[in-house]
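Everything below concerns the one structure shown next.
The values are calculated or read from the model by the stated rules, or taken from the named source; none is laboratory data. The structure displayed is predicted, hence computed values, not measured ones. Using ideal geometry, Cβ is built from the backbone for each residue, glycine included, and neighbour counts are taken over all protein chains shown.
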Amino acid sequence: MPGIGRIVVPEKLFLDKSFSLEGTELSALAHWEPRCGEAFTVADLDGALFRARLLSLSGQSAKLTAFEEIGAPETGPDITLVQALPERERIELILQKATELGVTRILTFKSAKSISLEELDSRQQRSHNWGSIALKAAKQSRRPDIPEILPYSPFEAALQLTMNAGLKIMLWERPGIETLKGLLEKTQKPAGTAAMLVGPEAGFTDEEAKRAEGAGFIPVSLGQKILRTETAAIFGVGLLRYELGG
């Protein structure tokens, strides 16, 4: 399942030919906060991806022209990044890079050793603008969709929201556990849906790890090095995308 704002044009597209968006397709375009002159990635009736420039926009329709054919959509799993809320600007970096790497949705949660959303807001001069960060990153990386930013949740709720994922991975620094790469090499491809659980800087408590394993998450490591939470999230998602396709 793609993220939000995916524009599927109900006709075959050709280079240098204009086309119009109305109804559902126009609603999808609205997620991108479009401005005339901007370019967007759209899919045509056959599933081929094109870059198209917005020529005009009204409340009832939009006119675009296709100027570059990208090819077939990327294959790969539908990934949900489940991230313990980090301090300061780290969440913004995670949002940006996870979007560029193609995650479908991002879910932040409160763990025993992470800060709360209220604490994060009190330490910043501006309130968080996570949706805007994801939107800008999606535009920059020429994605055909925008990742869904799910509401900040308690730990148990985050586990429940990902209960239907086909592959559930928990990044953990516990000695002696299998590496993420080793697990993915044995995973049947395509995995379909995947959820990656990333803890705070100080790690999960033993109780949290036990509850995550009880919810079906497989504990894996990223090697012997101890990584910052934002580094672990970015590296983990990148490896997941590479090994499972896309």
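Quick test for you: out of 246, 216, pick the one residue that is farther than 20 Å from residue 76 by Cα and either in a loop (DSSP other than H, G, I, E, B) or at pLDDT 95 or above (or both).
Sole residue among the options that is farther than 20 Å from residue 76 by Cα and either in a loop (DSSP other than H, G, I, E, B) or at pLDDT 95 or above (or both): 216.
Filter the strands (runs of 3 or more DSSP E) completely within segment 1-83 down to those with at least 3 residues that are in contact (Cβ under 8 Å) with a residue 12 or more places away in the chain and under 30 Å from residue 236 (Cβ atoms).
39-43
Right, residue 107: modelled with pLDDT of 95 or more, closer than 28 Å to residue 194 by Cα, in the same structural domain as residue 164 (by TED's automatic domain parsing) and in a strand (DSSP E or B) or not?
The answer is yes for residue 107.
Scan segment 150-190 for residues that are charged (D, E, K, R), at pLDDT 90 or above and surrounded by fewer than 21 Cβ atoms within 10 Å (Cβ to Cβ) and jot them down.
156
Tell me, please, whether a residue that is in the same structural domain as residue 109 (by TED's automatic domain parsing), under 22 Å from residue 163 (Cα atoms) and surrounded by fewer than 19 Cβ atoms within 10 Å (Cβ to Cβ) can be found in segment 224-234.
no
Could you please let me know if residue 67 is outside the structural domain of residue 204 (by TED's automatic domain parsing) and of a type in the set (Phe, Trp, Tyr)?
yes
Test residue 181 against the stated conditions and say whether it is closer than 21 Å to residue 97 by Cα, in the same structural domain as residue 95 (by TED's automatic domain parsing) and within 21 Å of the chain's Cα centre (by Cα).
Yes, satisfied.
From the list 211, 174, 143, pick out the single residue that is among the basic types (Lys, Arg), over 26 Å from residue 87 (Cα atoms), in contact (Cβ under 8 Å) with a residue 24 or more places away in the chain and out of contact with any Lys or Arg (no Cβ under 8 Å at 6 or more places or on another chain).
143
Is it true that residue 76 is out of contact with any strand residue (DSSP E or B) (no Cβ under 7 Å at 6 or more places or on another chain) and of a type outside the set (Ser, Thr, Tyr)?
So residue 76 passes the test.
Can you name every residue in segment 138-197 that is of a type outside the set (Gly, Ala, Ser), assigned to a loop (DSSP other than H, G, I, E, B) and under 24 Å from residue 41 (Cβ atoms)?
Once the filter is applied, which keeps residues that are of a type outside the set (Gly, Ala, Ser), assigned to a loop (DSSP other than H, G, I, E, B) and under 24 Å from residue 41 (Cβ atoms), segment 138-197 yields 142, 143, 144, 145, 147, 190.
Looking at segment 5-31 only, could you name the residues that are of a type in the set (Val, Ile, Thr) and crowded, with 18+ Cβ neighbours inside 10 Å?
7, 9 - these are the residues of segment 5-31 that are of a type in the set (Val, Ile, Thr) and crowded, with 18+ Cβ neighbours inside 10 Å.
Go through 52, 62 for me and flag whichever is over 30 Å from residue 192 (Cβ atoms), of a type in the set (Gly, Ala, Ser) and surrounded by 14 or more Cβ atoms within 10 Å (Cβ to Cβ).
That would be 62, the only listed residue that is over 30 Å from residue 192 (Cβ atoms), of a type in the set (Gly, Ala, Ser) and surrounded by 14 or more Cβ atoms within 10 Å (Cβ to Cβ).
Residues checked against (1) farther than 30 Å from residue 152 by Cβ; (2) within 26 Å of the chain's Cα centre (by Cα):
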position	(1), (2)
29	no, yes
33	no, yes
46	yes, yes
56	yes, no
90	no, yes
94	no, yes
